[in-house]
Amino acid sequence: AQSVTQLDSQVPVFEEAPVELRCNYSSSVSVYLFWYVQYPNQGLQLLLKYLSGSTLVKGINGFEAEFNKSQTSFHLRKPSVHISDTAEYFCAVSGLGYSSASKIIFGSGTRLSIRP
Amino acid sequence: GAVVSQHPSRVICKSGTSVKIECRSLDFQATTMFWYRQFPKQSLMLMATSNEGSKATYEQGVEKDKFLINHASLTLSTLTVTSAHPEDSSFYICSANERNTIYFGEGSWLTVV
């Protein structure tokens, strides 16, 4: 079984400052990792995903994440945030054999609030 | 590209009635779909795995008789909340995988009054 821990429930950041949202996972098998964003009263949007290959993954809206197997982490970063980045961010994991039958387990979410 | 569509996007129902939410894969066939529930200011919790042509697989703690799932075709899964109560008010969202990409529906807001 897999699990995901997002260490920070809320992260306040000033506009144009860098941000890191932390995510750690636990699994007995190899995993695939995802970051999703949810804007207020909306559904989910995929920011980026790690399936294999380069451990540094670049996503949309200037976000990137680095897969660290030894530390079982997949932290999300952005060098300069904007007011429009205010949203809830979810880290998620799927077990080996990512296929039509693989379910995703979500972390508890981190609320990113940007201050002008 | 592949799209997953949910309907209705918002529904209000009276306590004790049943409500059905549909999840459709528009450009691909999905033998498996997933249903999640998200309470306000909380994360998404997997409720069940919907399997085309067979019974759904429910996560621990989810009442299968209350949350009926039917996956009668390769493009449609339905979630019926039976005898709904105010505590069932939540955001319900489905997903399906296609070519190593997971697609989520837009979600359905259920309010039970």
Item to check | Pairwise label distance in nanometres, A:ARG77 with A:SER54, each label 7 Å out on the Cα-Cβ vector | outcome: 1.4 nm
Checklist entry - Between B:HIS7 and B:LYS66, what is the label-to-label distance in nm when each label sits 7 Å out along the Cα-to-Cβ direction? => result 2.8 nm
Item to check | Free-standing Cys, chain B [no other Cys Cβ under 4.7 Å] | outcome: B:CYS13
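With the cut-off at 20 Å, tell me which of the pairs A:LYS49/B:LYS64; A:LYS78/A:LYS103; B:LYS20/B:LYS66; B:LYS14/B:LYS55 have Cα atoms farther apart than that. Each step should come with its number before you reach the end.
Values: A:LYS49/B:LYS64 32 Å; A:LYS78/A:LYS103 27 Å; B:LYS20/B:LYS66 12 Å; B:LYS14/B:LYS55 28 Å.
Table pairs above 20 Å Cα-Cα are A:LYS49/B:LYS64; A:LYS78/A:LYS103; B:LYS14/B:LYS55.
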Checklist entry - Taking 0.36 nm per intervening residue step and subtracting the Cα-Cα distance, what contour gain separates A:ALA17 from A:THR5 on full extension? => result 1.9 nm
Next on the checklist: Just to confirm my numbers, what's the Cα centroid distance between the range A:29-81 and the range B:90-113 in Å?
Outcome noted: 20 Å
Item to check | Average partner coverage of B:96-103, which counts Cβ from other chains inside 10 Å | outcome: 5
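From largest accessible area down, sort B:MET45, B:MET33; use a 1.4 Å probe on the protein chains.
Details: B:MET45 115, B:MET33 0 Å².
Ranking B:MET45, B:MET33 by accessible area, largest first, yields B:MET45, B:MET33.
The values are calculated or read from the model by the stated rules, or taken from the named source; none is laboratory data. No experiment lies behind these values; they were computed from the predicted model shown. Neighbour counts are summed over all protein chains in view; Cβ atoms, including those assigned to glycine, are modelled from backbone coordinates with ideal geometry. Heads up: the accessible areas ignore ligands, DNA and RNA and are worked out on the full protein's heavy atoms, side chains in. Shrake-Rupley method; radii C 1.70, N 1.55, O 1.52, S 1.80 Å.
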